[in-house]
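The values are calculated or read from the model by the stated rules, or taken from the named source; none is laboratory data. Note that the coordinates shown come from a computational prediction; the quantities given were computed from them, not determined experimentally. No Cβ is skipped: glycine too gets one built from the backbone with ideal geometry, and neighbour counts run over all protein chains shown. Keep in mind that these areas ignore ligands, DNA and RNA; they rest on the heavy atoms of the full protein, side chains included. Shrake-Rupley method; radii C 1.70, N 1.55, O 1.52, S 1.80 Å.
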Amino acid sequence: MEERFANAAPLPGRIHRLHDLALDLWWSWHSTARQVFRRLDYGLWRTTAHNPVRMLRAIDPERLHAAAQDPEYLLFYDQALAALDQARSSKGTWWAAHGPPLNGRAIAYFSAEFALHQSLPIYAGGLGVLAGDHCREASDLGVPLVGIGFMYPQGYFHQRLSNDGWQEERYERINWADAPIEPALTPEGKPCVTAVPLGDRTVLAAVWRVRLGRVRLFLLDTDLEENAPWDRELSARLYGGDREMRAQQEIILGIGGVRVLRLLGIEPAVWHLNEGHAAFVALQRIRELIEKGISFESALEEVRRTTAFTTHTPVPAGHDAFPFHLVEKHLAGCWGNLGQHRQQFLALGEYDSGHGAQFNMTALALRTAANVNGVSALHGEVTRLMWRSIWPDRAGDALPVKSITNGVHVPTWIAPGILDLFDRYLGSDWLEQHDDPALWDRLAEMPDEELWAARQVLRIDLLAWIRERLRQRWTIERVGPARVVTAGAMLDPQSLTIGYARRFTAYKRPELLFQDAERLARILNDAKRPVQIVFAGKAHPADEPAKHHLQRVFRRALDPLFGGRIAFIDDYDLHVAHFLVQGCDVWLNNPRKPLEASGTSGMKASLNGVPHLSIGDGWWAEGYNGRNGWLIESGTNPDDLAATDSADAESLYDLLEKQVVPAFYERNERQVPVRWVQIVREAMRSNLPRFSTRRMLKQYVNEMYLPAIAAAVK
Ligand SMILES: *Cc1c(COP(=O)(O)O)cnc(C)c1O
């Protein structure tokens, strides 16, 4: 069927659609479809890190034949393909019942990163995971969304540690044949390639397509022979290179992205910018409108009405800003008829964040989008404060920034064992209505024993996986003994396990736990009630202080004082995240408030019955209800950083000693920690429906897309 499978074992007729299924990432969030590949060859499933495209290129023909004759296997196969066909049709969806008629128009969703699967390393962290979850949910609800981003051939880096815990970055070229992507074609069936003017030259970008059920993603790639070597590098890596490289990437994403949609014959009704990276969309759209004879002012108004913008961080360094000369240099070829309004356009990005006026991508997006949101209630407030100078003539409470709290895609993040439990106690159609809080009252009927047993299995599975991973590092990669110790060789499958996995960066305070090392050691080494901590996370390649934090955590893990009960799992990615958010007992988050805009890993943990132990920042400021986890709070003056750190650490130790550890180890006559299970159940009941992408996407549709659509269709 496809070139990539030319040398692979041919598929027997009875299961001839396996290639089709493997190339649609829809399989990744459907348990029956996952079974189709898992059962086909469990060994390959494991060694390829769950990559069916790679599996089908490597599989032994014998196995395919056996599967084609196995009635039990065929049951899964038939069910999965019938579900796939249904998932590609637009009939009977939530959107069909609730969405406005769009006459074939789409919602274009721009993002610099998308976390779709570990086989496509085109994401760095939370922003990408949110974008991936947004697209998966759009497919489930039938929202006619089209994603636009980059296909970075070298992706984001893989993390390895030296024997002394120093982060090393490795970039690996993606093997196209093993990735679930295909060249995108225009309506005429030609390869889609666009030309983007950059400075005084033209750069070509090819386009790859990724399928997610009803949703398609189009990913730009400048690694074409026709381009100069330095231009081929433009899309090589995510967040690699310097500011000049970044400015050029963003021009290609914004301007090239609009052009790609035109080439593909896709007519967006709404343009959603996930973070400011793609804000040059406005330039290209205003230019197009001016070329149709519309004035600059009307064109800007039209663009504003139909643009939605989501900002994601209150940390100043998280907002791209460039010196004007850099922007002018690289935009030189982009103006066309907009040239006479060049100064007006450049003024849309002007912003002084304390180091003189620069061209700021967030400012540009804020001034060219009528629909703006922050990603939690608290972050909405912080955003209004932070950017109020953008709207000098509006009062503080009239600033046009809404809050839509993030969510996570439940079918993607739920553990199979928990999914089975819900199937049994909530009714088989629970997934269809999982954002309805009333449904979750039925959790009361689930026996403590079963919930606890499921939680135990998940922890045991996590620890087995950690051990297997370190065995591979030891036997195949030949790492030193220090790496084996720190990778969790001494962890124990029965001990209370705390997870801390997130990007290493100063404001997230990865070392807060170590403020009082002796006290922490006493907590961990309690003979009857031992506690262990699993760390994971990458430091941005240019964030030197963060690499030092990471190295110090590594050295703690090696320090006998902590009894081998601290581990660092390297190369945090979607795959690692799945194991950690499902298998730990407690999920820890201790950022410096209010710098965590939302956070989403704690939501993934909660839905699996892993309660959150966190500062009241981001989503937890609205999620904590006194019974579904724990709140770290100190009430000190937030401007006194050292005092806040000490007080927060104090609060954290207190919670561990007086609440978390006792509840976990207090067992009834059947060895069930009843009080603990109550918290687990409440974490699921209260958080799962509210912090699901389903709730979130419906809110985006109602509060951000519908107003824009009403304006566009007028
Ligand atoms: C969910 C996730 C994140 C974001 O989690 P935070 O709580 O926002 O830090 C980052 N990386 C990966 C791999 C994830 O799965």
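Some points to look at:
- Our note on the geometry: Cα centres of the range 196-236 and the range 578-635, 38 Å apart.
- Cα lying deepest toward the dipole's positive end in the chain, options Tyr351, Ser403, Trp27, charges on Cβ: Trp27
- Reducing the range 375-435 and the range 58-89 to their Cα centroids gives an inter-centroid distance of 36 Å.
- Solvent exposure of the chain amounts to 38 Å² per residue of accessible area, where only protein heavy atoms count and the probe is 1.4 Å.
- For the range 13-87, taking Cα atoms only, Rg and Dmax work out to 11.1, 31 Å respectively.
- Cα-based Kirkwood hydrodynamic radius, the range 340-404, one decimal, Å: 12.5
- The chain, accessible surface, carbon-and-sulfur percent (1.4 angstrom probe): 50
- Counting only protein heavy atoms and using a 1.4 Å probe, the accessible area of Lys593 comes to about 100 Å².
- Value of D in µm² per second that Stokes-Einstein yields for the chain, Kirkwood Rh from Cα pairs, at 20 °C (1.002 mPa s): 81
- Helical segments meeting 20 Å axial Cα length and Kyte-Doolittle 0.0 threshold in the chain (DSSP H): 126-141, 641-655
- In the range 1-97, trypsin sites (Lys or Arg not before Pro) in a DSSP loop with at most 10 other beta-carbon atoms within 10 Å: Lys91
- Two-decimal log10 I(q)/I(0) for the range 105-186, as the Debye equation yields it once each C-alpha is a single scatterer, q = 0.14, 0.15, 0.27 Å⁻¹: -0.56, -0.63, -1.35
- For the residues Asp571, Asp448, Asp429, a 1.4 Å probe over the protein chains yields an accessible-area ranking, largest first, of Asp429, Asp448, Asp571.
- Accessible-area ranking of His158, His65, His330, His548, largest first, probe 1.4 Å: His65, His548, His158, His330
- All distinct Cα pairs of the range 419-461 go into the 1/r average, and the inverse of that average, the Kirkwood radius, is 11.1 Å.
- Loop-located GluC sites (Glu not before Pro) in the range 80-188, at most 13 other Cβ atoms within 10 Å (DSSP): Glu172, Glu188
- Low-density loop positions, trypsin sites (Lys or Arg not before Pro), the range 317-407 - DSSP coil, at most 15 other Cβ in 10 Å: Arg394
- Computed over the alpha-carbon pairs of the range 271-393, the distance histogram in 10 Å steps reads 13, 46, 33, 8, 0 percent, short to long.
- Proximal charge balance of Trp94 [Cβ under 11 Å; K/R count +1, D/E count -1]: -2
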